[in-house]
């Protein structure tokens, strides 16, 4: 009975913080600026760089091909303020004095940022409608691509949130997050793997390649839902949030 009561209390605390954080995004110009830039750049990459019309294929592969690179530039801009701003303004101490655990605070802030990113991604639906108007795409594959993109965005956000908890400077949090996420993207590219092939064992090379966002997102965006890909993104998010909790707790202790 007590466990059920604790679970309800924890869920309530997360929900309250989630609403506060998500409302904070839309209470400032940050939301409009991010969404406008995201939709504009997505349109440029899809229709001009990806040549959606010229391909004469009813799919959204050109749309999904550039998500990782777009997230690399925009997601750290969201995550950099999650904890760095709390520390800079001195509100972190106030937050931690509330009847809420650090774990609940980390989950609530992360879910709010993830929901905000999901809302921006959902606003790309006109591109999906356009493809359905021009042809007959496999909409299950498209849905898989959206799912994979959302999971990848969660991976970016979890890394950025963890980095943001390490510093009170948002610029530093942004730059470090971009660098780490870039390494996660590039780890599966031949340019990186060839560097290790000359001296590293194949087992190590396979491990490095397995960390790549691209390799896991590639199969999902083609409609192949593999448990290993879902486990990768889920475990990455869980691990980074766990580190996030440890870092915030250590800052409180300091």
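Tilt of helix 102-122 relative to the longest C-alpha principal axis of the chain, in degrees (0 to 90, nearest 10)? The angle comes out near 30 degrees. Sorted fewest first by neighbouring Cβ atoms within 10 angstrom, 59, 249 come out as 249, 59.
Return the Rg/Rh value of the range 1-140, two decimal places, where both radii are evaluated on C-alpha atoms and Rh is the Kirkwood radius. Taking Rh as the inverse mean 1/r over Cα pairs, Rg/Rh reads 1.11. Here the residues 187, 158, ranked from fewest to most Cβ neighbours within 10 Å of their Cβ, fall in the order 187, 158.
Compared with the dominant principal axis of the Cα atoms in the chain, helix 125-134 is inclined by about 20°.
Distances over 11 Å make up what percent of all Cα-Cα pairs in the range 58-104?
That tail contains 75 percent of the Cα-Cα pairs.
Expressed as a fraction of 2.2 N^0.38 Å, the value expected for a compact globular protein of N residues, the C-alpha radius of gyration of the range 92-140 is 1.95. Quick one: angle between helix 227-253 and the longest Cα principal axis of the chain, in degrees between 0 and 90, rounded to 10, please. The angle comes out at about 30 degrees. Over the chain, Cα pairs under 8 Å with separation of 6+ residues give a relative contact order of 26 percent. For the listed peptides 206-219, 76-89, a ranking on the average number of other beta carbons within 10 Å per residue, highest first, reads 76-89, 206-219. Given R0 = 41 Å, the distance between the Cβ atoms of residue 191 and residue 95 translates into a calculated FRET efficiency of 0.45.
Semi-axis lengths, largest first, of the ellipsoid equivalent to the chain are 32, 23, 18 Å, with √(5λ) applied to each eigenvalue of the Cα gyration tensor.
Given in Å, the Rg to one decimal and the Dmax to the nearest whole number for the Cα atoms of the range 115-230 are 17.2, 52. Compute the FRET efficiency between residue 169 and residue 249 as 1/(1 + (r/R0)^6), taking r as their Cβ-Cβ distance and R0 = 25 Å, and round to the nearest 0.05. The pair residue 169/residue 249 has a calculated efficiency of 0.75.
Only the coordinates and a few stated rules stand behind these numbers; no lab work does. What you are looking at is a predicted structure, and each value in this text was computed from that prediction instead of being measured. Here the Cβ is made from the backbone with ideal geometry for all residues, glycine too, and neighbour counts use every protein chain on show.
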